[in-house]
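> The structure that follows is given in the form of structure tokens.
The values are calculated or read from the model by the stated rules, or taken from the named source; none is laboratory data. Just so we're clear, the structure is a prediction, and the values are computed from it rather than from any experiment. A quick note on method: Cβ atoms are made from the backbone with ideal geometry, for glycine too, and the neighbour counts reach across all protein chains shown.
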Amino acid sequence: MSRPRPEPVQVIKQRRDAVLRALAEGIPYAKFLGISFDRRGDELTAILRYDDKLIGNPFLPAIHGGVTAAFLETTAIVELSWSILWEAMERGEIDPVNLDPARLPRLPKTIDFTVDYLRSGLPRDAYARARVNRSGRRYASVHVEAWQDNRSRLIAQATGHFLMPARDAIGDG
């Protein structure tokens, strides 16, 4: 008896990228701000592309604090959602070819979100990564860090707590 032939790596990568793209594009505010995601394995890096509309103080100039907070919160929510999607994708429950937005899980809901502004965001691209500290059936805790040119010189960091959607909510809108 022979084992089934494994899928080519490129097919797996394309499937994962398609699901991540559908998730990110399903958040209109992230699209408005210009937030995209780069995936390396199961690690996500959020990218906030610079645009003049993001400037809050034109005299410095500095990225608006609300934009920074939204960037961090979006990164946390996508990271949590990606962890749910990753499991469903690996079990074969999601078909990226016929991916319908209704098949994506409901997004986690923010309970609280605390941002520490560490330095001004300069008029250039920013990056962020989220680390899930705890993710249970109902509740999750996430830490997010944002930087621009040097990851060791953070512009902001945040901690958020989220109400998680039911794990069987994939496909329930």
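> Just give me the residues in region 48-67 being farther than 12 Å from Ser120 by Cβ and outside any helix (DSSP H, G or I), in sequence order.
Leu48, Arg49, Tyr50, Asp51, Pro58
> Okay, moving on. What's the number of the only condition in (1) surrounded by fewer than 16 Cβ atoms within 10 Å (Cβ to Cβ); (2) of a type in the set (Gly, Ala, Ser); (3) at pLDDT 95 or above that Ala126 fails to meet?
(1)
> Cβ-Cβ distance below 8 Å, separation of 6 or more or different chains: which pairs start in region 55-66 with a residue that is farther than 15 Å from Gly34 by Cβ and free of Cβ contacts under 8 Å to residues at least 12 places away in the same chain and end on one that is β-branched (Val, Ile, Thr) and in a strand (DSSP E or B)?
Matching pairs, first to second residue: Gly56/Ile63.
Results for (1) in a loop (DSSP other than H, G, I, E, B); (2) more than 21 Å from Gly41 (Cα to Cα); (3) modelled with pLDDT of 75 or more, shown as yes or no for each residue.
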{"residue": "Trp86", "(1), (2), (3)": "no, no, yes"}
{"residue": "Glu93", "(1), (2), (3)": "yes, no, no"}
{"residue": "Leu99", "(1), (2), (3)": "yes, no, no"}
{"residue": "Leu107", "(1), (2), (3)": "yes, yes, yes"}
{"residue": "Ala140", "(1), (2), (3)": "no, yes, yes"}
{"residue": "Gln157", "(1), (2), (3)": "no, yes, yes"}
{"residue": "Gly171", "(1), (2), (3)": "yes, yes, no"}
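> Quick check on region 2-16. Is at least one of its residues within 21 Å of Ala158 (Cα to Cα) and crowded, with 16+ Cβ neighbours inside 10 Å?
Looking through region 2-16, none of the residues is within 21 Å of Ala158 (Cα to Cα) and crowded, with 16+ Cβ neighbours inside 10 Å.
> Return yes or no: is Lys13 charged (D, E, K, R), part of a helix (DSSP H, G or I) and within 24 Å of Pro123 (Cα to Cα)?
So Lys13 fails the test.
> Here is a further query. Do the conditions hold for Pro58, that is, is it surrounded by 14 or more Cβ atoms within 10 Å (Cβ to Cβ) and either touching a strand residue (DSSP E or B) at 6+ places or on another chain (Cβ under 8 Å) or farther than 17 Å from Ala158 by Cβ (or both)?
Against the criterion (surrounded by 14 or more Cβ atoms within 10 Å (Cβ to Cβ) and either touching a strand residue (DSSP E or B) at 6+ places or on another chain (Cβ under 8 Å) or farther than 17 Å from Ala158 by Cβ (or both)), Pro58 does not qualify.
> Mind counting the residues in region 25-41 that are touching a helix residue (DSSP H, G or I) at 6+ places or on another chain (Cβ under 6 Å) and surrounded by fewer than 19 Cβ atoms within 10 Å (Cβ to Cβ)?
Within region 25-41, residues that are touching a helix residue (DSSP H, G or I) at 6+ places or on another chain (Cβ under 6 Å) and surrounded by fewer than 19 Cβ atoms within 10 Å (Cβ to Cβ) number 2.
> For Arg49, all conditions in the list (1) in contact with an Asp or Glu (Cβ under 8 Å, 6 or more places away or on another chain); (2) free of Cβ contacts under 8 Å to residues at least 40 places away in the same chain; (3) over 30 Å from Gly136 (Cα atoms) hold save one; what is the number of the exception?
With respect to (1) in contact with an Asp or Glu (Cβ under 8 Å, 6 or more places away or on another chain); (2) free of Cβ contacts under 8 Å to residues at least 40 places away in the same chain; (3) over 30 Å from Gly136 (Cα atoms), Arg49 is out only on (2).
> Which of the following residues is touching a helix residue (DSSP H, G or I) at 6+ places or on another chain (Cβ under 7 Å) and among the hydrophobic types (A, V, I, L, M, F, W, C): Leu80, Leu54, Leu118?
From the options Leu80, Leu54, Leu118, the qualifying one is Leu54.
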